[in-house]
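Here, each number is a calculation from the coordinates, and none is a lab measurement. Here the structure is a predicted model, which is why all the values come from computation and not from measurement. Positions of Cβ are backbone-derived with ideal geometry, glycine not excepted, and every protein chain shown enters the neighbour counts.
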There are 2 protein chains.
Amino acid sequence: MTRLVVVGGSAAGMSAAAKAKRVNKKLEVVAFERSRYVSYAPCGIPYYVEGLVKKLDDLVYYTAEYFRKERGIDVRSRHEVLDIDANAKKVVAKDLNKDEVLEMRYDYLVLATGGKPLTPETLSAKADGVYTVRTLEDGERINVACERARTIGVIGGGYIGLEMAEAFRLRNKRVLLFQRSFLMSRAVDLEISKDIEDELSKHDVTAHLGEAVKGFRFRGKVMHITTDKGEYPVDMVVLAIGVKPNVDLAGKIGVELGVTGAIKVNERMRTSLENVYAAGDNVETAHLVSGNPTYLPFAPAANKMGRVAGDNVAGGSSVFKGVLGTAFTKVFNLHVGRTGLSLRQAREVGFDAVAMDMKHISRSHYYPGGEQIHVRLVADKESHRLLGGAITGKEGVAGRVNALASALWGRLTVEDLTQLDLGYQPVFAPVWDGLIVAANIIKRRL
Amino acid sequence: MTRLVVVGGSAAGMSAAAKAKRVNKKLEVVAFERSRYVSYAPCGIPYYVEGLVKKLDDLVYYTAEYFRKERGIDVRSRHEVLDIDANAKKVVAKDLNKDEVLEMRYDYLVLATGGKPLTPETLSAKADGVYTVRTLEDGERINVACERARTIGVIGGGYIGLEMAEAFRLRNKRVLLFQRSFLMSRAVDLEISKDIEDELSKHDVTAHLGEAVKGFRFRGKVMHITTDKGEYPVDMVVLAIGVKPNVDLAGKIGVELGVTGAIKVNERMRTSLENVYAAGDNVETAHLVSGNPTYLPFAPAANKMGRVAGDNVAGGSSVFKGVLGTAFTKVFNLHVGRTGLSLRQAREVGFDAVAMDMKHISRSHYYPGGEQIHVRLVADKESHRLLGGAITGKEGVAGRVNALASALWGRLTVEDLTQLDLGYQPVFAPVWDGLIVAANIIKRRL
């Protein structure tokens, strides 16, 4: 019997396992997962901490039990894969419950080891009172710890940092947020970032921007955050400065890594080794606007990559083309969405890019409940191609960003966008949608 | 001095006038409009009748006064253009206030005469108690008349009929809606239409579907609606069975009409006559999925066409590529959106098309407030191209339809759609967005 072993049971891993089994019923599929949970949604952790999501189990899509019984997948949770022998085609795993080590032969391997939080030496997350946000167990630990905390330091102003800051604030904690540059600086330009800054300030989150955290001071547990500008007493710290690919096992067996440090795969999600595939937050993929390899560890791509890997292992022939970096977040009442390249990113990869910002309204002016939206577009002077966009506002953001994502996928020009047949109805959009108006404005700057 | 005369001061006309003047300050721009209002939003009439919009003036984007003072456009409202002499390049207009006739020479003409409600002989809207919905004056008449009506018949189950039915119901009227086939039959397939039918029934609108209205019985005013199945007492009637292009003047001067009966224009919005342009609900345009000429009188296209016509008259060189028929409506709490071709439409124009329907959720399952959405996609078996889509639900509809519209513009295939990098965040979308799941389903049917 042919056996697929999947290392890692989160988004990519379980998508791969499920797809492979569905395509080829005869395939034996075994999935190892270190934590107690498989197929879960770490993106829901802030809402668990906030209290909107009542049980951690609500963040689980499918249980190990379900995969075993309904899908015929041999899921081994609380199993840590310690080693792989790529020549002998064997994995060595430790059953963390029984504290036993087992060996298992494979025909195909899918590495879905995910990412791990960046934790510089000076900011160790192993120290007492310092937490990272990755697994559901992390969510539980934070949820318990913050109960007694009055002041919480959040380090990092990206998606996770912002969402955790909001969650703590809504639990009535004092929140200090530290970010070396500006908020969401890896995703958006300063113009969009400012809107988020305003929203944080309206909700009494103190954002220390342009301030570099140097370390912590401890007395038993973390007591102070030390930065290049001062020292701040805190009861606990959440470290959310980024994610890096977990390539420890891949490195061990000589799987080729790419320029980003993540695993290099082809369009079929195969690594440099025969029969070894990889998917999720441990791989790099093509950015469909720049064409460059990129490392953007987001769940939708991880799921899609897993599905493609699983299909190919099972004898199908799927390809994963790449990503646009589309992402949404909500910061209190502000919706934020972005796709493609920011102006800075576009220039970094060599486009002669321009950007524009404008304010528009989400609905017809006469229909109640309309909200102001801020649209920022980035386009290429030479080809007139749309390169990216970001929107903030209290409604009507996500859908418009998705429309921009589709436009980027189709390599639409600014001229196309001025004509795009977007829907109109007083409740949902003004007759000149903000995207069309924005396109008309940026067109004049090309 | 070069003079542009615009006939019709609604969406297309005023867009043309404003754009032309902005591009060429030296151009003299005169716009004739029969009604009291220019640049207004008839799409807001249902919300005025419902009472959400307080004053009819709220539906006016810009007043004639504004165009005169701020934009330097000579707007003549309450002026009806009676005749055009294309050889002498003159329009003959009647000042309806003074009851005087005037002549005016033009160098360029933009025909923005719009559409007019379909009113078959047997269903005359001139009869007492029978109304059509087109101008703001219509809105006012209906608003006054319905005050005393207890039972209102709405004939036509398209966008306007549905929105008027809702408005009357929310004013606590008994509403009988008649539609010869099924609801929104020109826009969606029966599968989507059924959702709307359910929503009407939840809100006690009696929908008589598959029932053909034959005429009215009068006693001074309309007293009964007579159909092929029965006779229904009503206090007033709104006739909303469709719109046809108003091409009376165009016909008179020999402007070529297209296969749909609307004015034929090139991509620059020029008619068959030198110096005569046309834009809005009186022209036909290319359907960007079928490639065929189509007549789809929607405001966003009218505005864009007007802008293109105005730019070209003023010496610019813009093109209008065509439409996708993207449209939204809201029927009580149900959001409805569609773009591209329905299955029936796709087959009619010769595609070997398939469709699929699925139910999904608007947000992550664990985030409160998620609503079920119904996604229907239509695709071409041969090329795998996406041909159209329609969505219903209580939230998350409009944005997803716009994403599909962008995808249609870019001629994306179903395979592209399975991979599309749409945003994810628990508040806005599940990790597998409904569009992606739907694409994966329809892919298996190709």
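Under 5 Å between amide hydrogens, built in the peptide plane, is the criterion, and for A:M223 it picks out A:R217, A:F218 among residues at least 5 positions away or on other chains. The mean number of partner chain beta-carbon atoms within 10 angstrom of a residue's beta-carbon across peptide A:305-315 is 1. Selection among B:A64, B:A41, B:A125 by position relative to the dipole of the stretch B:25-146 gives B:A64 as farthest towards the positive end (Cβ unit charges, Cα centre). Computed over the stretch A:1-101, the Cα gyration tensor eigenvalues convert (square root of 5λ each) into semi-axes of 26, 17, 11 Å, ordered from largest to smallest.
How large is the dipole of the stretch B:89-203 about the Cα centre if only Lys and Arg carry +1 and Asp and Glu carry -1, each at its Cβ, rounded to the nearest 20 debye? It works out to roughly 260 debye. Contact order, relative form, for the stretch B:275-391: 19 percent (alpha carbon pairs under 8 Å, 6 or more residues apart, mean separation divided by residue count). Counted residue by residue at 0.36 nm each, then reduced by the alpha carbon distance between them, the extension gain from A:L96 to A:L446 reaches 120.1 nm. Gyration tensor over the Cα atoms of chain B: the corresponding equivalent ellipsoid has semi-axes (square roots of 5 times the eigenvalues, largest first) of 37, 30, 20 Å.
Largest GNM mean-square fluctuation across A:Y159, A:Y232, A:Y106, computed for chain A with C-alpha springs under 10 Å, falls on A:Y232. Placing unit charges on each Cβ (+1 for Lys and Arg, -1 for Asp and Glu) gives the stretch B:187-237 a dipole about its Cα centre, and among B:I225, B:G210, B:V188 the Cα reaching farthest toward its positive end belongs to B:I225.
Summarising the strand pairing of the stretch B:217-316, around 90 percent of its internal DSSP beta bridges are antiparallel. Among A:R411, A:R174, A:R148, the largest mean-square fluctuation in a Gaussian network model of chain A, built with springs joining Cα atoms closer than 10 Å, belongs to A:R148.
Over the stretch B:288-426, the Kirkwood radius and the radius of gyration, each from Cα atoms, give a ratio Rg/Rh of 1.02.
Over the stretch B:310-371, with a single point scatterer placed on each C-alpha, what log10 of the ratio I(q)/I(0) does the Debye formula yield at q = 0.27 1/Å? Debye output, listed in q order: -1.16. Considering only beta bridges that DSSP places wholly inside the protein assembly as shown, some 60 percent are antiparallel.
How high is the relative contact order of the stretch B:56-194, given as a whole-number percent (alpha carbon pairs under 8 Å, six or more residues apart)?
Across the stretch B:56-194, relative contact order equals 11 percent.
Along the charge dipole of the protein assembly as shown, pointing to its positive end and built from +1/-1 on Cβ of Lys, Arg, Asp and Glu, which listed residue (B:F351, B:A149, B:F428) has its Cα farthest out? Working it through, the farthest residue towards the positive pole turns out to be B:A149.
Across the stretch B:30-177, Cα-Cα distances exceeding 18 Å account for 64% of all pairs. Placing dummy labels 7 Å off each Cα toward the beta-carbon, the span from B:R71 to B:D204 is 4.4 nm.
The alpha carbons of the stretch A:187-325 give a radius of gyration and a Dmax of 20.1, 58 Å, in that order.
The magnitude of the dipole of chain B, with charges of +1 and -1 set on the Cβ of Lys/Arg and Asp/Glu and taken from the Cα centre, is near 420 debye.
Taking the DSSP bridge list for chain B and keeping only pairs wholly inside it, about 60 percent are antiparallel.
Residue by residue, the stretch A:246-258 carries 3J(HN,Hα) couplings of 8, 10, 4, 5, 4, x, 4, 9, x, 5, 5, 9, x Hz when phi is fed to the Karplus relation 6.51 cos²θ - 1.76 cosθ + 1.60 (θ = phi - 60°); x denotes Gly or Pro.
Using Cα pairs under 8 angstrom and six or more residues apart, how large is the relative contact order of chain A, in percent?
Result for chain A is 14 percent.
With both labels modelled 7 Å from their Cα along Cα-to-Cβ, the B:D57 to A:K194 distance reads 3.5 nm. Using a simple spin-label model with pseudo-atoms 7 Å out from Cα toward Cβ, B:V144 and A:A212 lie 7.4 nm apart.
Distances from B:D248 to itself in the other copies, using label points 7 Å out along the Cα-Cβ axis, amount to 8.2 nm in increasing order. Normalized C-alpha radius of gyration of the stretch A:182-251, against 2.2 N^0.38 Å? My calculation over the Cα atoms of the stretch A:182-251 gives 1.40.
Given +1 on the Cβ of Lys and Arg, -1 on the Cβ of Asp and Glu, and no further charges, what dipole in debye does the stretch B:369-446 carry about its Cα centre, rounded to the nearest 20?
260 debye
Among B:A12, B:A278, B:A353, the residue with the largest mean-square fluctuation in a Gaussian network model of chain B, with springs joining Cα atoms closer than 10 Å, is B:A353.
Pairwise Cα distances in the protein assembly as shown exceed 55 Å for 19 percent of all pairs.
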